[in-house]
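The structure under discussion appears below in the form of structure tokens.
The values are calculated or read from the model by the stated rules, or taken from the named source; none is laboratory data. Computed from a prediction, not measured in an experiment: that's the story for all the values here. Positions of Cβ are backbone-derived with ideal geometry, glycine not excepted, and every protein chain shown enters the neighbour counts.
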Amino acid sequence: MTRPLLSLEQAMTLGPVIPVLVIDRVDDAVPLARALLAGGVNTLEVTLRTPVAMDVIRLLAAEVPQAVILAGTITTPEQWEAAHHAGAHFGVSPGLTPRLLSALRSGSPMPLLPGVATASELMTAMDAGLHCFKFFPAQQAGGVGMLKAFHSPFPDALFCPTGGISPDNARTYLDLPNVACVGGSWLAPSAAVKAGQWDHITALAQAASTLMQPMQC
Ligand code: 3PG
């Protein structure tokens, strides 16, 4: 198990883009992470969407200690606990269930970035003491306009919009005062990962890193 190096806010503001990774082969994990780091991207979301995801987290925690590892697609307290034990620094969830809320209230294994898409979900999560959120699915749930609308009633909420973000629209999100960073899968296209095109992935990461310097909380 690895201790968080940073607060969740600090992890969200290390760079403008957090890559959302779906890794099918354990052997791809270290070269992929190193390619992203070489492009200036240090915070990586490893989604729990493949059977090897926990092994990938374990391996990255051991082999690429400079990476900040977010375990993504956490939907249960059991996955949250397991990802923490595998070495993840933070958890990311597409939403927030009563069971995850209850686990949060009773002492979380590691900080969680839960997904919200409505004012009520945001209020429920804020009531549990949270102020950092994944806005998911960002484009489909109202995009930039929704985040602008959230800012006035919820000025303390800080977001990482994810879902439908691309190099074409990332900047419009990053310009918002309540956006710390964006998440997206475009930094690690599956064809490039399968083909081992690590230089290409480094170039994508470099381009993403220069999108904009994020705000500091
Ligand atoms: C996520 O899980 O955060 C999203 O599926 C990533 O969405 P994208 O593929 O549109 O970037």
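List of remarks:
- Residues within segment 42-87 that are part of a loop (DSSP other than H, G, I, E, B) and either at pLDDT below 95 or away from the ligand (no atom under 14 Å from the Cβ) (or both), tallied: 9
- Candidate set: segment 112-141, residues that are buried (at least 17 other Cβ atoms within 10 Å of the Cβ) and of a type in the set (Gly, Ala, Ser); chosen: the one farthest from VAL92 (Cα to Cα): ALA141
- Restricting attention to segment 33-53 and to residues that are buried (at least 19 other Cβ atoms within 10 Å of the Cβ) and more than 16 Å from the chain's Cα centre (by Cα), the residue that is farthest from ALA83 (Cα to Cα) turns out to be GLY39.
- The C-beta contact set for segment 33-44 (first residue farther than 14 Å from PRO16 by Cβ, second residue among the polar types (S, T, N, Q) and in a helix (DSSP H, G or I), distance under 7 angstrom, 6+ apart or interchain) comprises ALA35/THR202; ALA38/THR202.
- Meets criteria (without any contact (Cβ under 8 Å) to a residue 24 or more places away in the chain, within 12 Å of the ligand (Cβ to nearest atom) and either over 12 Å from VAL41 (Cβ atoms) or loosely packed, with under 14 Cβ neighbours inside 10 Å (or both)) for PRO167: no
- Test: residue in segment 180-201 that is over 18 Å from GLY142 (Cβ atoms), modelled with pLDDT under 95, assigned to a loop (DSSP other than H, G, I, E, B) and out of contact with any helix residue (DSSP H, G or I) (no Cβ under 8 Å at 6 or more places or on another chain): no
- Unique residue being away from the ligand (no atom under 12 Å from the Cβ), touching a residue at least 24 places away in the same chain (Cβ under 8 Å) and under 27 Å from PRO189 (Cα atoms) when the list is PHE154, PHE136, PHE90: PHE90
- Test result for ALA61, in contact with a strand residue (DSSP E or B) (Cβ under 9 Å, 6 or more places away or on another chain) and farther than 22 Å from PHE136 by Cβ: yes
- The single condition among (1) buried (at least 20 other Cβ atoms within 10 Å of the Cβ); (2) within 16 Å of the ligand (Cβ to nearest atom) that GLY95 does not meet is (1).
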